[in-house]
Structure formats: C-alpha cells, structure tokens
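The values are calculated or read from the model by the stated rules, or taken from the named source; none is laboratory data. Predicted, not measured: the structure shown is a model, and the values here were computed from it. Because the Cβ atoms are built from the backbone with ideal geometry, glycine has one as well, and the counts that use them run over all protein chains shown. Just the protein is used for accessible areas: all its heavy atoms, side chains included, with ligands, DNA and RNA removed. Shrake-Rupley method; radii C 1.70, N 1.55, O 1.52, S 1.80 Å.
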Amino acid sequence: MPSPVPSHLYPPIPIGGHRCLSPRQIVRLEADRNYTIIHQVGGRKFLVSLTLKVVEDRMKPYDFLRITRGDAINPYFIKQVGENGTVLLMDGTQICLSRRRKDLFASLFRQFIQE
C-alpha cells in the first residue's frame, strides 16, 4: 500500500452546508436515496443532502473507489479483499463488490497499491 500522503495534499472538501471534511477522515460513502451517509474514522457519521454521485465526484481526486451502486470507499481503509468478492474495511464493515464493478475495482486497486 502507498505511504501516507501529507495532510496539506488533502485540503478539506465542502460536503454541504458549512461543513468541510478532509478526505483522510472519510472511510466510506453510502447512498441513501438523494442523500449520502459519510462514515468517518472513529465511527462518526454525517448525513448530507447530496447524492452519492455528487460527493463521489468531489472525492475522485483522492482515489475513492465506487464498488457498488450505493457505496464508494477510501482505499486507504481497505483491510482485506476476499476472493469471493468482498471488501473488508478497517472499521469492520464488509461490502460485497458489484459483479459489474469487480474487474474495474481490481485494476484500480492494483494501480493504487503500486503507487
């Protein structure tokens, strides 16, 4: 896995209202209709009135990976990738990869590890 990136390269990102978060604090993004639940390190959650697509687009420069229709993850928090298509995150969350996204995830994750 790549070495940690200096914090000055991860400026806070606006996520709705007057709130900004550093991408380094975000473990995953979860869709909930037209809202997004942002899961942070330490188990804290925020509900924002933006779609997952909008939040994901803001996080794209920071290597977030869309692994299902309703989930995008920060690859720095991946603990294990199972052969059966499951991703285990450091917070204990286990997410099954979408069939259509497995190959894309595998290639992007390989690139991420090699950086």
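Computed values, structure above
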item: Local electrostatic count, ASP63, Cβ distance below 14 Å [Lys/Arg +1, Asp/Glu -1]; result: +3
item: Inter-site label distance for SER22 and GLN111 at 7 Å from Cα along Cβ, in nm; result: 2.6
item: Cα-projected label distance for ASP57 with GLN94, points at 7 Å along beta-carbon direction, nm; result: 3.5
item: Heavy-atom accessible area order for GLU115, GLU30, largest first, 1.4 Å probe; result: GLU115, GLU30
item: The chain, helix-only ellipticity at 222 nm - DSSP H runs n ≥ 4, -39,500 (n - 2.57), divided by all residues, nearest 500; result: -5500 deg cm²/dmol
item: Stretch gain in nm, segment THR86-LEU104, where the contour uses 0.36 nm per residue and the Cα spacing is subtracted; result: 5.1 nm
item: Dipole magnitude of the chain, debye to nearest 20 (Cβ charges: Lys/Arg +1, Asp/Glu -1, about Cα centre); result: 240
item: At q = 0.09, 0.21, 0.22 Å⁻¹, base-10 log of I(q)/I(0) for the chain (Debye sum, equal scatterers on each alpha carbon); result: -0.22, -1.27, -1.38
